[in-house]
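The values are calculated or read from the model by the stated rules, or taken from the named source; none is laboratory data. All figures in this text were calculated on a predicted structure; none of them were measured in a lab. Here the Cβ positions follow ideal geometry from the backbone for every residue, glycine too, while neighbour counts run over all protein chains shown. What goes into the accessible areas is simple: the full protein's heavy atoms, side chains included, and nothing from ligands, DNA or RNA. Shrake-Rupley method; radii C 1.70, N 1.55, O 1.52, S 1.80 Å.
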Amino acid sequence: MSRSSATSFEHYALEMRSQIEEALLRYCQTEPGCPEQLGEAMRYSLLAPAKRLRPLLVLMAAEACGGTVEAALPAACAVEMIHSYSLIHDDLPAMDDDDLRRGLPTNHKVFGEATAILAGDALLTRAFEVLANEIRPAETALACCSALGQAAGATALVGGQADDLSHERDAEERAAYGESKAALLGELESIHARKTGALFLVSLRMGALTAGAGAEPLKMLEEYGRALGLAFQIADDLLDVGGNEQAVGKRVGKDANRGKLTFPGLMGVEESRRRAERLIAEACDALAPLGPPAERLVMLARYVVERDR
Ligand code: GRG
């Protein structure tokens, strides 16, 4: 990426992030009937400093298909609410048991486990309320609800998390028991396609839906999304191995120390880097027919593997 296009992309991303964060705040005001502490816990995690990759994907996909930020913004907020709920629950003692997220103490460390669970539940359900109330026309709202429900559910986000937790056995031990590297890699990719990739894909789908896009651009965006989701996860594993805790905003080295299956663990650091680079090239190639309107998605893909947080 040249320095001037990187700078103009950064400006754009900054401006979009501030629009996203304003809208998130608007959608998460404590309404009559919502206990004060619950509202506070919801906003604590939702508005904490974050990259906002999934909402940016919604807005950029809409733009690539000729749509507007205004029409896509509720979908961008809905996917960020689902993502934030999944992080709150993932950090709980029964799951990953983390004390640092987005550079801050995790939700349950501040508000207690019960409130953290409920804040996650409330963000999950609020996401669908926002889609139903704010996306127009009603058929597009329905299509977004259906797509997001699938991506957040048992066959995708929650299913990937369940498999991740139940497959948490020592990768080396499994290899010693004769499981081939290819089989372990296949399993790892399947977990991440659901746990991480599904929200990337549905972000692109909802962006395209709000722009009224047809089947062809949607197919290109999906190809881009599949490659980007996997590259993102490899980059995330690489940050867990070599990242700076302060920059990343969460504990590093945890996955490797717990013997979890990871890309650098299975393929080595250098090969993982090369694989991520190849995936980003594939993702960008998939968008070539969309031309200049898809340029920001191309830049976002590069950012995903070059980031330090
Ligand atoms: C239903 C009980 C219950 C739990 C659901 C689905 C789930 C718990 C957890 C999966 C969430 C998870 C940790 C996915 C991994 C994806 C990942 C690397 C997230 C970090 O995303 P970034 O880097 O973070 O985009 P920011 O903070 O920038 O948004």
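Out of all the residues in the stretch 131-162, which are within 18 Å of T68 (Cβ to Cβ), touching a Cys at 6+ places or on another chain (Cβ under 8 Å) and in a helix (DSSP H, G or I)? The answer is L131, and nothing else.
Yes/no matrix, rows are residues, columns are (1) touching a helix residue (DSSP H, G or I) at 6+ places or on another chain (Cβ under 6 Å); (2) aromatic (F, W, Y):
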position: E70; (1), (2): no, no
position: C77; (1), (2): yes, no
position: I82; (1), (2): yes, no
position: D91; (1), (2): no, no
position: D98; (1), (2): no, no
position: F111; (1), (2): yes, yes
position: G120; (1), (2): yes, no
position: L124; (1), (2): yes, no
position: F128; (1), (2): yes, yes
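Only one of the numbered conditions (1) under 24 Å from M95 (Cβ atoms); (2) surrounded by 18 or more Cβ atoms within 10 Å (Cβ to Cβ); (3) of a type in the set (D, E, K, R) is not met by R258, and that is (2).
How about the stretch 49-88: which of its residues are open to solvent by 20 Å² or more (accessible area, probe 1.4 Å) and more than 27 Å from E216 (Cβ to Cβ)? Passing the criteria: P49, K51, H83, Y85, S86, L87. Looking at the stretch 190-209, is at least one residue on the phi > 0 side of the Ramachandran plot and modelled with pLDDT of 90 or more? No, because not a single residue in the stretch 190-209 is on the phi > 0 side of the Ramachandran plot and modelled with pLDDT of 90 or more. Among what's in the stretch 18-30 and is open to solvent by 30 Å² or more (accessible area, probe 1.4 Å) and not polar (S, T, N, Q), pick the residue that is nearest to A50 (Cα to Cα). Here the residue is E21. Of the candidates A208, A213, A198, the single residue that is touching a Leu at 6+ places or on another chain (Cβ under 7 Å), closer than 20 Å to V298 by Cβ and of a type outside the set (D, E) is A208. Scanning the stretch 84-130 for residues that are assigned to a loop (DSSP other than H, G, I, E, B), over 22 Å from E31 (Cα atoms) and more than 13 Å from the ligand (Cβ to nearest atom) gives a single hit, D99.
Could you say which residue among D163, D170 is away from the ligand (no atom under 16 Å from the Cβ) and modelled with pLDDT under 95?
On the way: D163 fails: away from the ligand (no atom under 16 Å from the Cβ).
Unique residue meeting the criteria: D170.
Which of the residues belonging to the stretch 89-146 are touching a residue at least 40 places away in the same chain (Cβ under 8 Å), open to solvent by 20 Å² or more (accessible area, probe 1.4 Å) and of a type in the set (V, I, T)? V110, T115, T140 - these are the residues of the stretch 89-146 that are touching a residue at least 40 places away in the same chain (Cβ under 8 Å), open to solvent by 20 Å² or more (accessible area, probe 1.4 Å) and of a type in the set (V, I, T).
Out of L46, L56, L14, one residue alone is modelled with pLDDT of 95 or more, over 18 Å from V79 (Cα atoms) and within 16 Å of the ligand (Cβ to nearest atom). It is L14. When restricted to residues that are under 30 Å from L287 (Cα atoms), open to solvent by 40 Å² or more (accessible area, probe 1.4 Å) and near the ligand (Cβ under 9 Å from one of its atoms), the stretch 220-251 contains 0. Collect the residues in the stretch 174-219 that are crowded, with 21+ Cβ neighbours inside 10 Å, of a type in the set (G, A, S) and free of Cβ contacts under 8 Å to residues at least 60 places away in the same chain, keeping them in residue-number order. Hits for the stretch 174-219 are G197, A198.
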